[in-house]
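Following: one structure in structure tokens, then a few remarks.
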């Protein structure tokens with residue numbers, strides 16, 4: 001069977017746009033003389049549609065759009081993802097479904113069986129599970145159609161499975177001759193390689209070819225990298241779609257292909273590309289043309305600026321330098337050098353007159369002098385006011401520049417450096433920020449070496465360094481990875497680190513600053529456990545007093 005995998009970038013809730021994408025892909029598939037065209041999970045509504053599915057008017061519009069798509073089909077099959085209703089009055093009555101249509105109508109619907117409810121997934125809130133799965137006979141093949149999570153429960157690959165059911169195995173037992181999986185699988189580094197290995201194990205064991213189509217795009221914080229995959233009966237990856245862009249892949253199950261061994265690039269290249277893509281998608285889908293960055297002379301704001309230029313072009317990136325009396329001459333010169341290297345517009349506005357005036361007004365009224373930490377935060381909030389005023393006045397999207405290490409321990413100021421509509425690197429540890437900066441400089445210097453080599457500092461008081469307050473980032477990030485991503489706790493972490501006081505201090509900082517993260521801008525997700533929707537911890541709790 002000849003299949004067209006249509007790797008598209010839908011917009012959540014934009015049914016006309018998504019319908020047009022599906023019809024254009026189907027037309028292209030007909031021109032390519034295929035037997036079947038397949039589109040990703042929930043491609044008609046976008047993933048994840050969240051509470052939109054609870055609106056009857058929305059569901060009715062989806063049903064009408066699905067029938068309109070089916071009405072134009074001929075003998076070339078078309079499978080696309082959508083929501084469907086039933087009326088058994090048990091559960092939500094809504095399904096995440098694969099719709100199979102040809103000859104002008106919907107011929108078959110397969111609901112999703114495994115409904116994920118972990119990390120960024122909350123599908124149990126919205127969707128009922130399929131009661132059964134069945135193969136569908138089409139053009140001499142028995143098609144085993146599954147949806148995303150349905151294929152992530154293979155007993156031979158996973159040490160511990162999440163579900164008792166294995167819908168793909170059931171399809172194999174029904175003598176499926178071709179497996180099809182439509183997916184919306186969020187990106188994190190390493191997941192593409194894991195996906196390849198898992199699907200390879202499955203197809204090699206069952207000796208059945210597989211066409212796996214994944215959506216591409218970014219929906220707020222979630223990045224979908226595409227990279228749709230096709231496997232032969234030997235379990236070899238023989239076709240792979242482009243990463244971070246739409247694609248149209250042809251796969252003939254009767255044809256022999258060269259196997260593809262590598263599906264993922266280096267950590268630095270992958271994460272940089274995903275962040276560039278995520279920022280571009282966020283601004284485009286929200287209608288922003290230009291972005292704004294507060295450039296401090298530090299590595300974080302430098303990296304965010306480089307990502308912005310790569311995503312939107314130098315002409316669409318504005319930066320503001322906002323020195324105070326504590327700002328070093330080097331920070332200003334380093335920022336100016338970066339500005340010149342990138343060819344971006346910039347303004348330099350001192351915050352000191354405003355800070356001095358606020359302190360002048362506050363001291364007599366508070367009946368005591370402002371403490372050091374309050375003065376430090378005041379500077380950050382004045383900068384935030386400058387940036388938000390520019391953003392409001394010129395319609396630029398303000399980008400927050402905090403990294404994951406700072407966000408974890410609360411080394412940031414609410415309504416100050418946390419201001420912004422998107423936190424670009426808030427899922428990137430500080431040590432990884434340096435790796436990506438060096439990747440950017442791999443051919444020639446873009447980020448000045450002085451920015452990379454100098455000791456990080458917020459420059460909010462004399463001779464301040466981050467490590468006056470925090471452990472060295474190499475140690476801090478090691479603790480944070482164990483605590484945040486590996487779910488290790490105090491006793492296990494202290495055995496590895498060997499410093500009980502330090503481990504206790506870091507974990508307390510993480511726990512005590514949950515309230516800040518609840519108020520932070522959405523962060524582009526590139527790790528297996530990002531702050532935001534995928535990590536839900538109580539603000540008020542007594543586990544670690």
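Computed from the coordinates by the stated procedures, all read-outs in this text should not be read as laboratory data. For clarity, every value in this text was computed on a predicted model and none was experimentally measured. A quick note on method: Cβ atoms are made from the backbone with ideal geometry, for glycine too, and the neighbour counts reach across all protein chains shown.
Helix 56-71 and the longest principal axis of the C-alpha atoms of the chain enclose an angle of approximately 50°. Counting Cα-Cα pairs of the range 97-207 in 5 Å increments starting at 0 gives whole-percent bin shares of 2, 11, 20, 25, 20, 13, 6, 2, 0.
Residue 349 to residue 543: FRET efficiency via 1/(1 + (r/R0)^6), r the Cβ-Cβ distance, R0 45 Å, to the nearest 0.05? For residue 349 and residue 543, the calculated efficiency is 0.55. For log10 I(q)/I(0) by the Debye sum over Cα atoms at q = 0.06, 0.08, 0.13 Å⁻¹, the value calculated from this model appears in (1) -0.40, -0.68, -1.23; (2) -0.28, -0.51, -1.52; (3) -0.34, -0.59, -1.27 under label (3). Looking at the chain, what % of its DSSP beta bridges pair antiparallel, to the nearest 5? That works out to approximately 55 percent antiparallel. Gain on full extension, evaluated as 0.36 nm per residue between residue 315 and residue 54 minus their Cα-Cα distance, stands at 89.8 nm.
With the highest mean first, a sort of the peptides 488-500, 451-463 on other beta-carbon atoms found within 10 angstrom per residue produces 451-463, 488-500. Here r is the Cβ-Cβ distance between residue 193 and residue 370 and R0 is 56 Å; the resulting FRET efficiency, rounded to 0.05, is 0.60. Taking 0.36 nm per residue of sequence separation and removing the Cα-Cα distance, the residue 535/residue 385 pair yields an extension gain of 51.1 nm.
The value for the range 33-91 of Rg(Cα) / (2.2 N^0.38 Å) is 1.27. Distance from the Cα centroid of the range 167-195 to that of the range 513-543 is 30 Å (rounded to whole angstrom).
Pop the C-beta distance of residue 497 and residue 236 into the FRET formula with R0 = 51 Å and round what comes out to the nearest 0.05. The formula returns an efficiency of 0.75 here. Highest mean packing first, where packing is the average number of other Cβ atoms within 10 Å per residue, the peptides 378-388, 527-537, 179-189 line up as 179-189, 378-388, 527-537. Considering only alpha-carbon pairs that sit under 8 angstrom and 6 or more positions apart, the relative contact order computed for the chain is 11 percent. Globularity index of the range 84-156 is 1.22 (Cα radius of gyration / 2.2 N^0.38 Å, N = number of residues). State whether the range 2-256 is rounded, prolate or oblate according to the following rule on the C-alpha gyration tensor (a ≥ b ≥ c being the square roots of its eigenvalues): a/c under 1.5 gives rounded; otherwise a/b larger than b/c gives prolate, and the remaining case gives oblate. Verdict is rounded for the range 2-256. An ellipsoid equivalent to the range 356-460, defined through the eigenvalues of its Cα gyration tensor, has semi-axes of 30, 17, 13 Å when rounded to whole angstrom and sorted largest first. Alpha carbon centre of the range 381-426 versus the range 441-496: separation in Å? Using only Cα atoms, the two centres lie 19 Å from each other. Using the alpha-carbon atoms, what tilt in degrees (0 to 90, nearest 10) does helix 500-512 show relative to the longest principal axis of the chain? So the inclination is approximately 70 degrees.
Of the Cα atoms belonging to the range 37-139, the radius of gyration and Dmax stand at 13.6, 40 Å.
Across all directions, the shadow cast by the convex hull of the range 270-465 built on its C-alpha atoms averages 10.9 square nanometres. Relative contact order of the range 270-465, taken over Cα pairs closer than 8 Å and 6 or more residues apart, is 25 percent. The relative contact order of the range 2-256, computed from alpha carbon pairs under 8 Å that lie at least 6 residues apart in sequence, is 20 percent.
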